[in-house]
Structure formats: C-alpha cells, structure tokens
Amino acid sequence: MNDEVLFNAVLSPNRSLAKNGFLVVLGLTTLLSMVGGTLFLLMGAWPVTGFLGLDLALLYVALRLSYRSGFLTETVQLRRASLTVSRFFPNGREASWRFQPYWVKVEFNHEADHNNQVILTSKGKRLSVGSFLSPEERTEFATALMIALHRCRGLTNTT
C-alpha cells in the first residue's frame, strides 16, 4: 500500500512535423533545388547548383536533429515515500532524481507567460522539469503536481 503510485506524468515535447510532413518538406525542397539548379546550370552559373545541394543537405540534417529531439521524455512519479523524476534522452542515456515528497517544493510563477518554469527544490537541490512544454501545459502540470504533493503530505501525516 505504501508503494502505490499517487501521481504519474509522462512528459514529452510536441512534434510540429510528423514523419509524413518531414518527407513532404524534404521532397518539395529537393524538387525546387533540382529545378533551380538546372536553370542555373543552363545559364552557366554551375557553382550555384552545388550550393543548392549543400542547402538541401543542411536542411535534411536540421530536420533530422529536430525530429530526434522529440524523443526526449521525462517521467514524474509520486509515491508516499518518494518523488522520482526520470529523464530519457534521445541517445538512450537516462538520468534520475529522487526527492522526499514532504520536503520538496514546486516553484512556479503563474504570471510569467513564456518564461515560467516548473522547478523542484529540496535541501539545496534544484531541478527544472518539463522545460519543453508549452506555457499552458507547464501551468497544468505544475498545478496537478502541487495538488498531488499536498494530498501525499496529508496521507503521510495521518498514518
């Protein structure tokens, strides 16, 4: 009973470009680069064709890096005895932090629109959580976590 999960949140960044969108953007850009490159080649400005190819390669790399960053995930799990935050990076690395729920404080400024951060503090440790979320999502998450911590402290005091 003491090990029951009181709050569980899985946070991940929003993806503005799905895999099909990625292919469409890359395909249209390739088509435009080929048409433009052919025109410049016919006009005798052949070096421009190489730069169009370089632009296309850089766009591909940027889109792949952006798409890969969407695999970042954070889990926040509250039990009576611990609040655990685990961060899973796109490269497979994992980091984990553990807090005692009675002492952890959620710092969140509701007035700051785009600069609001959810920061967990306890005994000199500070951890920012959900930095990739939209301001509305951060507000919703911070509120839900504060309510869950308040309930957890109530359960801890009565047993």
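Read-outs throughout are calculated quantities, based only on the coordinates presented, and are distinct from any laboratory measurement. What you see is a predicted model, and the numbers here were worked out from it, not measured in a lab. A quick note on method: Cβ atoms are made from the backbone with ideal geometry, for glycine too, and the neighbour counts reach across all protein chains shown.
What the table below lists for this structure:
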| read-out | value |
| --- | --- |
| Qualifying chymotrypsin sites (Phe, Trp or Tyr not before Pro) for segment 53-158 [loop in DSSP, other Cβ within 10 Å: at most 13] | 103 |
| Within the chain, helix-based [θ] at 222 nm, where runs of 4 or more DSSP H residues each add -39,500 (n - 2.57), nearest 500 | -16000 deg cm²/dmol |
| Of the GluC sites (Glu not before Pro) in segment 1-106, those whose Cβ has at most 13 other Cβ within 10 Å and which sit in DSSP loop | 4 |
| Footprinting exposure proxy for 146, 43 (fewest neighbouring C-beta atoms within 10 Å first) | 43, 146 |
| Fraction of the pair-distance distribution of segment 19-69 above 14 Å, Cα-Cα pairs, percent | 54 percent |
| Trypsin sites (Lys or Arg not before Pro) lying in DSSP loop within segment 75-142, provided at most 10 other Cβ fall within 10 Å | 93, 123 |
| Footprinting exposure proxy for 61, 104 (fewest neighbouring C-beta atoms within 10 Å first) | 61, 104 |
| Alpha-carbon Debye profile of the chain, log10 I(q)/I(0) at 0.13, 0.15, 0.16, 0.21 Å⁻¹ | -0.73, -0.85, -0.92, -1.28 |
| Two-site label geometry, residue 54 and residue 8: point separation in nm, points 7 Å out along Cα→Cβ | 5.1 nm |
